[in-house]
Structure formats: C-alpha cells, structure tokens
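A.B. asks: Following this message is one structure expressed as structure tokens.
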C-alpha cells in the first residue's frame with residue numbers, strides 16, 4: 001500500500017476514514033470519492049481556483065485570514081470582500097460584490113470567533129442556488145474545538161443544491177507540521193475535477209496518509225479531540241480568571257464567543273493599535289490588533305485585539321497582563 005501510486009484524491013483508506021469522521025462530527029456523509037486530500041489548505045485553495053476558474057470573482061470575508069487573499073491573488077484570481085456583522089458574512093455585501101464564489105468560515109470565524117446562525121446560513125445557500133456558477137467554499141478550520149456542546153453541523157450538511165465545497169485541515173487538531181488537509185467536492189463538480197485536474201498526483205505521502213487513516217479508524221482521533229477539548233476548556237477558564245483578577249480588568253472587555261482557541265478583547269486606550277502593539281512588543285508581549293486582519297482602511301475605530309490562549313504560559317500571563325495595563 002505504501003508504495004502504490006494513488007490518484008489525485010488520495011489513499012482510499014484515508015478517504016473512507018475522513019468520510020466516517022465527517023458523518024460523526026460534522027453532520028454529513030460524503031462518498032469517499034468526493035474527498036480530495038492535499039498538502040495543506042493553501043494548496044487546496046489553489047486547486048479550487050484551477051477548478052472553478054481564474055476569471056471568476058472570489059469574495060472573501062473582511063476581516064479575515066489575510067493569507068487566503070494572498071493565495072487567491074497569487075493564482076491570478078479576482079478578489080473582492082464582504083463585511084461581517086454579528087451573524088457573520090453579510091449576504092447583502094456579497095450580492096453587491098457581483099462575485100460568483102464566496103470563501104466563508106461559518107463556524108468559528110477567524111479572527112472574530114463568530115458562529116453563523118442558521119438563518120444566515122440558509123440566506124447564503126439561497127444566494128448560491130440562484131445561479132449555476134455560484135459556489136460557497138466552506139472553510140471549517142478549528143471547528144472541532146467547540147468547547148461547549150457538540151460542533152454545529154457543517155454548511156454542507158444542509159446544502160441540497162450541490163453548491164458547497166467543504167475544506168478542513170489536520171494542522172490544528174493534530175499538529176501544524178502535519179501538512180494534510182482535505183476538501184469535499186459536491187458530486188456535480190466531480191466530473192469537471194477529473195477532467196481538469198485528474199492528472200495531478202496526491203501531494204501527501206502514502207506513509208502520512210496511512211498513519212492518519214489508522215489514527216482515525218481506531219478511534220484515537222476522537223479520543224484525542226475529546227482530551228484536547230477538556231484541556232483547552234480548562235486553559236480558557238484559567239486565562240479568563242487571570243484577566244478578571246488583573247490590573248487590566250477595568251480597561252478590558254472580553255468578547256466571549258464559542259471561538260475555538262482564541263477570543264477578542266477590547267482595550268480602553270488613547271493610543272493607536274499600531275503604537276500599542278509596538279510598545280507591548282518592546283516589552284516582550286505580543287498582542288495583535290484586530291485591525292490588522294481587515295483590508296487596509298476598513299477597520300473600525302474600536303481597539304480590539306486578537307488573544308490566542310492555546311499555548312499561553314499561565315505562569316507568566318499575570319506579568320504580561322500588568323504590562324498591557326501599564327502600556328495603555
């Protein structure tokens with residue numbers, strides 16, 4: 001098996017394991033042949049552009065993960081943006097953009113942590129159903145780490161018109177060094193994929209695919225996710241308690257959402273985001289402003305900052321919080 005050359009989609013053993021995982025955790029049961037394995041989400045974004053066409057207009061979230069924009073532009077794609085409200089991507093902005101394809105994170109949006117409610121999800125699907133060239137790229141990064149209750153079912157689980165391309169990765173759930181991601185194509189796109197991209201070889205080694213497949217099939221992945229949820233829930237609680245007990249508390253508001261392994265904090269300060277960020281960095285504290293995730297010139301005035309707690313050192317956090325408070 002390890003010396004066999006497999007088609008573009010990847011090793012069938014892994015495709016079956018991923019399909020089983022999605023049925024249990026994300027609410028839909030794709031045919032294994034719909035699953036395309038690749039070396040990282042960025043590689044799969046490129047495949048989607050090659051599949052759907054560089055001449056199409058792709059709409060991205062603002063704010064959002066800016067690397068996505070760089071990947072799309074590097075492939076020659078036309079890019080536009082839609083703003084967010086408390087329910088996620090604004091479909092009115094999407095309609096005005098005249099885009100054919102939208103790249104969206106309906107669960108645990110990065111960096112705001114917004115979970116798109118069912119009403120907005122159906123509104124988005126309605127937009128996609130209005131034109132045969134409309135597609136939704138569902139970026140489900142970090143969805144496994146919902147710390148309260150079970151993960152919200154994926155957008156593709158309620159898609160009845162074959163308009164959603166689902167993408168996820170193991171880089172967060174296993175390790176950033178595991179360059180293994182996958183996408184689930186709607187059945188209607190499979191013939192076009194085979195025609196345009198079927199000549200590609202899978203970019204992930206058989207050894208790595210086989211190891212991850214067995215890790216899922218034997219139940220270790222589910223146990224690992226459950227352990228990590230427990231760990232991160234304790235970590236999150238400890239971080240929030242330290243913030244509440246710190247000198248920063250009167251000048252800080254935590255925007256609590258089920259946002260995976262980070263949250264957003266608003267700070268009361270007269271300094272600009274960039275000035276405060278540089279001041280903190282000179283003191284050894286890294287804090288990234290939410291404004292850096294926006295298209296330049298579109299960020300709101302609020303002093304909001306991205307706060308990741310996954311790998312934070314609890315023993316040094318109180319000192320860092322004091323530094324932030326003194327730097328405001």
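Nothing in this text is a laboratory measurement; each read-out follows from the coordinates by a stated rule. Everything numeric in this text was worked out from a predicted model, so none of it was measured. Cβ atoms come from the backbone with ideal geometry, glycine included; neighbour counts cover every protein chain shown.
A.B. asks: Can you give the Rg to Rh ratio for region 175-231, taking only C-alpha atoms and Rh from Kirkwood? Walk me through the numbers on the way to the answer.
C.D. replies: Details: Rg = 15.2 Å, Rh = 13.9 Å.
My calculation of the ratio gives 1.09.
A.B. asks: Can I ask one more? Normalising by the residue count of region 192-283, find the relative contact order in percent from Cα pairs under 8 Å and 6+ residues apart.
C.D. replies: Reported as a whole number, the value is 13 percent.
A.B. asks: Sticking with this structure for a sec: Give me 282, 291, 74 sorted ascending by neighbouring Cβ count inside 10 Å, so fewest comes first.
C.D. replies: Details: 282 9, 291 21, 74 12.
Result, fewest neighbours first: 282, 74, 291.
A.B. asks: Sticking with this one: Can you give the FRET efficiency to the nearest 0.05 for residue 118 and residue 322, using r as the Cβ-Cβ distance and R₀ = 35 Å?
C.D. replies: Working: r = 42 Å, r/R0 = 1.21.
So the FRET efficiency works out to roughly 0.25.
A.B. asks: How large, in Å, is region 155-272 by the Kirkwood hydrodynamic radius built from its alpha-carbon pairs? Spell out each step's value before the answer.
C.D. replies: On the way: mean 1/r = 0.0539 Å⁻¹.
Averaging 1/r across every pair of different Cα atoms and inverting gives 18.6 Å.
A.B. asks: Given Cα pairs under 8 Å that are at least 6 residues apart, what percent is the relative contact order of region 223-327?
C.D. replies: Numbers: 114 pairs, mean separation 34.9, N = 105.
Result for region 223-327 is 33 percent.
A.B. asks: Could the peptides 106-117, 217-228, 24-35 be put in order, highest first, of the mean number of other beta-carbon atoms found within 10 Å of their residues?
C.D. replies: Values: 106-117: 22.7, 217-228: 13.8, 24-35: 17.1.
Descending mean neighbour count gives 106-117, 24-35, 217-228.
A.B. asks: Among 268, 214, what is the fewest-to-most ranking by other Cβ atoms within 10 Å?
C.D. replies: Details: 268 11, 214 14.
With the fewest neighbours first, 268, 214 line up as 268, 214.
A.B. asks: Still on this structure, I have one more. Over the chain, what relative contact order in percent results from Cα pairs under 8 Å that are six or more residues apart? Don't jump to the answer; show the numbers that get you there.
C.D. replies: Working: 565 pairs, mean separation 65.6, N = 328.
Computed value for the chain: 20 percent relative contact order.
A.B. asks: Largest first, please: the extent of the C-alpha atoms of region 33-74 along each principal axis, to the nearest Å.
C.D. replies: 33, 22, 17
A.B. asks: So for 103, 21, fewest C-beta neighbours within 10 Å to most, what's the order?
C.D. replies: Values: 103 27, 21 18.
Ascending number of Cβ neighbours within 10 Å: 21, 103.
A.B. asks: Post the alpha-carbon centroid distance, region 156-226 to region 7-52, in whole angstrom.
C.D. replies: 3
A.B. asks: Report the extension gain between residue 96 and residue 73 in nm, rounded to one decimal, defined as 0.36 nm multiplied by the number of residues separating them, less their alpha carbon distance.
C.D. replies: Working: separation 23, 0.36 × 23 = 8.28 nm, distance 2.04 nm.
Fully extending the segment from residue 96 to residue 73 adds 6.2 nm.
A.B. asks: Report, to one decimal in Å, the Kirkwood hydrodynamic radius for region 223-327 based on all distinct Cα pairs.
C.D. replies: Details: mean 1/r = 0.0687 Å⁻¹.
Kirkwood hydrodynamic radius for region 223-327: 14.5 Å.
A.B. asks: Something else about it: Please compute, over every Cα-Cα pair in region 12-218, the percentage with a separation greater than 32 angstrom. Intermediate values should be presented prior to the final figure.
C.D. replies: Values: 2140 of 21321 pairs.
The proportion of pairs with Cα distances above 32 Å equals 10 percent.
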